[in-house]
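For reference, the structure is listed below as structure tokens.
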Amino acid sequence: MTAETPDTLDHAMVRSQGLDTLLRDLTDRAVREVPGASACSITVRRADRLLTLAGSRGLPGGLDLRQYENGSGPCVDAAETQSPRYVPDLATETRWPEYTQYALATGIRCVLALPLALEGEVGAALNLYGLQPEALGAGREAARAFADRAAGAVEASLRIERQRSTAADVRTALLSRSVIDQAVGILMVRERLDAQAAMERLRRISQDRNVKLRDLCQDLVDRVAGAARSHRGQ
């Protein structure tokens, strides 16, 4: 695999079917490139909790979630301490008994969790799983090199996600402002109020009815628009 620059990664994301697809492809590539890896996932901390951002094909269900629920496990430790965690054989591991028992039941015997250094993010890791004891021993250097490259892709995807979220918030705010302005205009015409008095009237009604101001205004605008259509249809 050729090392990508941040610009190349951003362009790849734009061309891809979405961030989820790109990150899923990233974990699949890790399985192909790291000797002994049979599954891979990416752990990140979002809104003060850990979650799996993406997982490869063949990733046993609940393998990461069980760690998050218990608050312990190799992936949790790697993400929170920013230090690698290598478990050559889960059958002899004693640090995380509840997780170990679950992982063994899924057929996993070896785990390598590597921290991802992401700017502005606290807690992220690339997690690799093997089906045989010591399966990932020979691939640890390849795994570290892949994690270094993957950090750029994960960081770029999170940045794009934040930008999209901010844009969506702005659009919602603009739509809300537009609806409220329309409702104020309706009251000004109907009840011969100035803009400030109309706004105060809407706020009082919103509080009295325990309804969000935007929803109240949207209802008023919809009713007026509906009455106008009905009148035109007569």
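The values are calculated or read from the model by the stated rules, or taken from the named source; none is laboratory data. Predicted model only: the values in this text are computed from it and were never measured. Heads up, the Cβs are rebuilt from the backbone with ideal geometry, glycines too, and the neighbour counts pull from every protein chain shown.
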Given (1) under 30 Å from G73 (Cα atoms); (2) at pLDDT below 90; (3) not in a helix (DSSP H, G or I), index of the condition A37 fails:
(2)
Quick one: would you say A151 is in a helix (DSSP H, G or I), modelled with pLDDT of 95 or more and within 17 Å of I42 (Cβ to Cβ)?
no
Using beta carbons and a limit of 9 Å, which pairs, at least six apart or on different chains, have the first residue in segment 15-31 and on the phi < 0 side of the Ramachandran plot and buried (at least 16 other Cβ atoms within 10 Å of the Cβ) and the second one of a type in the set (A, V, I, L, M) and at pLDDT below 70?
L19/M13; L22/L9; L22/A12; L22/M13; R29/M1
Can you spot a residue in segment 116-139 that is among the polar types (S, T, N, Q) and either surrounded by fewer than 20 Cβ atoms within 10 Å (Cβ to Cβ) or closer than 16 Å to Q67 by Cβ (or both)?
yes
Select from segment 35-52 the residues that are of a type in the set (A, V, I, L, M) and out of contact with any Leu (no Cβ under 6 Å at 6 or more places or on another chain) and write down the one among them that is surrounded by the most Cβ atoms within 10 Å (Cβ to Cβ).
L50
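Return yes or no: is A117 more than 19 Å from D28 (Cβ to Cβ) and in the same structural domain as G36 (by TED's automatic domain parsing)?
yes
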Residues in segment 109-120 that are of a type in the set (D, E, K, R) and more than 24 Å from the chain's Cα centre (by Cα) total 1
State whether the residues of segment 87-108 include one that is within 20 Å of R140 (Cα to Cα), within 23 Å of the chain's Cα centre (by Cα) and buried (at least 18 other Cβ atoms within 10 Å of the Cβ).
no
